1. Which pairs do you get when a residue that is assigned to a loop (DSSP other than H, G, I, E, B), found in region 101-127, comes within reach of a residue that is among the small types (Gly, Ala, Ser) and at pLDDT 95 or above, reach meaning Cβ atoms under 6 angstrom, with the pair 6+ apart or on two chains?
2. Could you look through region 14-37, keep only residues that are surrounded by 15 or more Cβ atoms within 10 Å (Cβ to Cβ) and more than 14 Å from residue 100 (Cβ to Cβ), and pick out the one that is modelled with the lowest pLDDT?
3. Say whether the condition of being surrounded by 13 or more Cβ atoms within 10 Å (Cβ to Cβ) and in a loop (DSSP other than H, G, I, E, B) is met by at least one residue in region 48-62.
4. Would you confirm whether any residue within region 41-53 is in contact (Cβ under 8 Å) with a residue 60 or more places away in the chain, touching a Ser or Thr at 6+ places or on another chain (Cβ under 7 Å) and aliphatic (A, V, I, L, M)?
5. Does at least one position in region 137-147 carry a residue that is aromatic (Phe, Trp, Tyr), surrounded by 12 or more Cβ atoms within 10 Å (Cβ to Cβ) and assigned to a loop (DSSP other than H, G, I, E, B)?
6. What pairs can you find where one residue is in region 61-77 and at positive phi and modelled with pLDDT of 95 or more, the other is surrounded by 13 or more Cβ atoms within 10 Å (Cβ to Cβ) and part of a loop (DSSP other than H, G, I, E, B), and their Cβ atoms are less than 7 Å apart, with a gap of 6+ or different chains?
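The values are calculated or read from the model by the stated rules, or taken from the named source; none is laboratory data. Since we're looking at a predicted model, the values are computed, not measured. Cβ: placed from backbone, ideal geometry, glycine included. Neighbour counts: every protein chain shown.
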Amino acid sequence: MAQRPRREPQIPEAPAALDETGEALSALVVEIISKKFEVEVGAAVDEVTVVVKPEDIPDLCLLARDDPRLDFNYLRCLSVVDYNDRLEVNYHLFSLDKRHKMAVKTNLPPEGPEVGSVVDLWAGADWYERESRDLFGVTFTGHPNLVPLLLYEGFEGYPGRKSFPFHEYEEW
């Protein structure tokens, strides 16, 4: 039986819909962060987004945490998305006092992806960075202990990447 070609998913994009808090944060981010870093500020659904160069991640995150107007004292999540030609690392930040949120994004090459660690800013980044190393091969420079979290020592490949060979199956 001949295999059917795999269908590419049709993923609809939700329009950006920032509330008053998000609009105010967006203006604040432009005022504070754009003065120090080359960034692209935008919005995705109900969240302010900032795209920055990989080498600026540690300093931008430090500013986002320590500037009292931003006060991003909580790292909600750190994730990696494989777009085949690049890996996008996403830092989802939240201010517990100001109740605003922001996603900081950076793009890395699939060969030798490397970005500075933020474990010294948010201790909770430890597991996220180790998981990202296991599944996507991203190296977080300055991380105190990048031992495998999910996979065993010596596991070959990165199962989070689209290029990782899984057993073929047929969609129904």
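1. Taking only residues 6 or more apart or on different chains, the pairs are 117/142; 118/125; 119/125.
2. Top of the filtered list is 16.
3. Yes: one or more hits.
4. Scanning region 41-53 turns up no residue that is in contact (Cβ under 8 Å) with a residue 60 or more places away in the chain, touching a Ser or Thr at 6+ places or on another chain (Cβ under 7 Å) and aliphatic (A, V, I, L, M).
5. The answer is no; no qualifying residue exists.
6. Between residues of region 61-77 that are at positive phi and modelled with pLDDT of 95 or more and residues that are surrounded by 13 or more Cβ atoms within 10 Å (Cβ to Cβ) and part of a loop (DSSP other than H, G, I, E, B), the close pairs are 71/95; 71/98.
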